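Read the structure below first, then the notes.
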Amino acid sequence: MSNSGTPSTESPPAINLSLELSLGTTTNSTTTTTTTTTAPPASPATVIANHKKKDTSKVVVRFRAVGNAPILRQTMYKITATNKFMAVIQFLRKELNYRQSDPLFLYVNSVFSPAPDEIVNNLFKCFSTDGKLTVNYCTTNDKDSDNNDDDDDDDYSSSTTLLYIRCPGA
């Protein structure tokens, strides 16, 4: 599991440790017992080598500017699926020539801002549309701008709404 509580897509290599036990027939008050293994267990070196192999699978991420955020010349990129969302944030900052101190807010499908330690492949599996993960970005936090609007009599920012989304295959 990842630190955010969602299942991780990485699974350790399967190791078959099952033993088959077969009992022979009893003749002349002796019992024949044989133990056979179905497959020898993998050596620790093999398990470590398989675990360290880089996953080269990629997902398509589409960046969309919102508000006064600068528009990218190229909006679709392929990003390694096993990266954390923090890598997407850093990549976008680099593409926009933004410093760490410059405000930048990212949302998936204009709905929520994922945790930086969320795995990109998990987001892609749950929230992709048309084979692309849409990441909207802006330079101002929409939540702050809603709270500062004193003219509005219908202030819905104080109410709390929970949204539960079930990921297919989870």
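Each reported figure results from applying straightforward, stated rules to the coordinates on display, with no laboratory input. No experiment lies behind these values; they were computed from the predicted model shown. With ideal geometry, Cβ positions are generated from the backbone for all residues, glycine too; neighbour counts draw on all protein chains shown.
Taking a ≥ b ≥ c as the square roots of the eigenvalues of the Cα gyration tensor of the stretch 58-147, is the shape rounded (a/c under 1.5), prolate (a/b larger than b/c) or oblate? Here the stretch 58-147 falls in the prolate category. Computed from phi, the 3J(HN,Hα) profile of the stretch 85-100 under the Karplus parametrisation 6.51, -1.76, 1.60 (θ = phi - 60°) reads 4, 4, 5, 5, 4, 5, 4, 5, 4, 5, 5, 8, 6, 8, 7, 5 Hz, with x in place of Gly and Pro. Neighbour counts of other Cβ atoms within 10 Å put 137, 77 in the fewest-to-most order 77, 137.
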